[in-house]
C-alpha cells in the first residue's frame, strides 16, 4: 500500500490524494485499531511477510498522524490538505494563463456551483477540494455498489478532466524543481 501510494504520488497527484482519502476512511472503519487492520486488510495482501510488515508500519504512521491531527472522526491529513492547496494555487494560475484549462474548468464550473448550492451553507473548501470530493464520492458509490446517476457520472467526468490537467502541470513543476 505504501508502494502504491508512492507510485500514485509520482504519477498522478489527484489519484494519490484520493488514495489517501480512501486509506483515512479505511482506518476510520476500523476505529484506528492497527491489529484489526493487520488481520483483516494487510494479512490478505498477496505479498511477502517483509512487505506486510512495511505496510503495517505505514498504516501505523498514518494512524498516529491522524490521532495527532485529531482527524479520527473526519477531515484529512495536513500533508494531504497542503497538496490540495498547492493544486488550488496552480488552478488559479492556469485560469489566467491557459485557455485549454480555462475551457475545461468552464465545463466543471456549473457542477461546482451546484455542489455549493446543495451544501446549503456547509463549507466545502476550495474548488479543487470540491472536484476531489466529487470524484471520491463517485468512487465510494461504486465501491458500495450504489446506483450512479448519469448526472453524477457527468459531474465526475468534468471534475476528472480538471484534475487531470492540474496533474500534468503539477508533474511538470515537480520535474522542474528537481
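Residue check: is residue 67 exposed (fewer than 15 other Cβ atoms within 10 Å of the Cβ), touching a residue at least 24 places away in the same chain (Cβ under 8 Å) and more than 18 Å from residue 143 (Cβ to Cβ)? Walk me through how you get there before you give the answer.
Details: exposed (fewer than 15 other Cβ atoms within 10 Å of the Cβ): yes; touching a residue at least 24 places away in the same chain (Cβ under 8 Å): yes; more than 18 Å from residue 143 (Cβ to Cβ): yes.
It is true that residue 67 is exposed (fewer than 15 other Cβ atoms within 10 Å of the Cβ), touching a residue at least 24 places away in the same chain (Cβ under 8 Å) and more than 18 Å from residue 143 (Cβ to Cβ).
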Checklist entry - Going by the conditions given, is residue 143 over 23 Å from residue 110 (Cβ atoms), in contact with a helix residue (DSSP H, G or I) (Cβ under 9 Å, 6 or more places away or on another chain) and surrounded by fewer than 18 Cβ atoms within 10 Å (Cβ to Cβ)? => result yes
Checklist entry - Consider residue 100 against the criteria (1) closer than 19 Å to residue 15 by Cβ; (2) over 21 Å from the mean Cα position of the chain (by Cα): it satisfies all of them except one. Which criterion is unmet? => result (1)
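One line per residue, one yes/no per condition, for (1) surrounded by 19 or more Cβ atoms within 10 Å (Cβ to Cβ); (2) outside any loop (DSSP other than H, G, I, E, B); (3) not assigned by TED's automatic domain parsing to the domain that holds residue 108:
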| site | (1), (2), (3) |
| --- | --- |
| 122 | no, no, no |
| 131 | yes, yes, no |
| 137 | no, yes, no |
| 152 | no, yes, no |
Item to check | Answer from 114, 81 - the residue that is part of a helix (DSSP H, G or I) and under 30 Å from residue 35 (Cβ atoms) | outcome: 81
Checklist entry - Restricting the first residue to segment 100-126 and requiring it to be under 16 Å from residue 137 (Cα atoms), which pairs with a second residue that is outside any helix (DSSP H, G or I) meet a Cβ separation below 8 Å and a spacing of at least six or different chains? => result 115/124; 116/124
Checklist entry - Do you know which residues across segment 26-42 are surrounded by fewer than 19 Cβ atoms within 10 Å (Cβ to Cβ), touching a residue at least 12 places away in the same chain (Cβ under 8 Å) and part of a helix (DSSP H, G or I)? => result 26, 28, 34, 38
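The values are calculated or read from the model by the stated rules, or taken from the named source; none is laboratory data. Predicted model, so just to flag it, every value in this text is computed and none were measured. Positions of Cβ are backbone-derived with ideal geometry, glycine not excepted, and every protein chain shown enters the neighbour counts.
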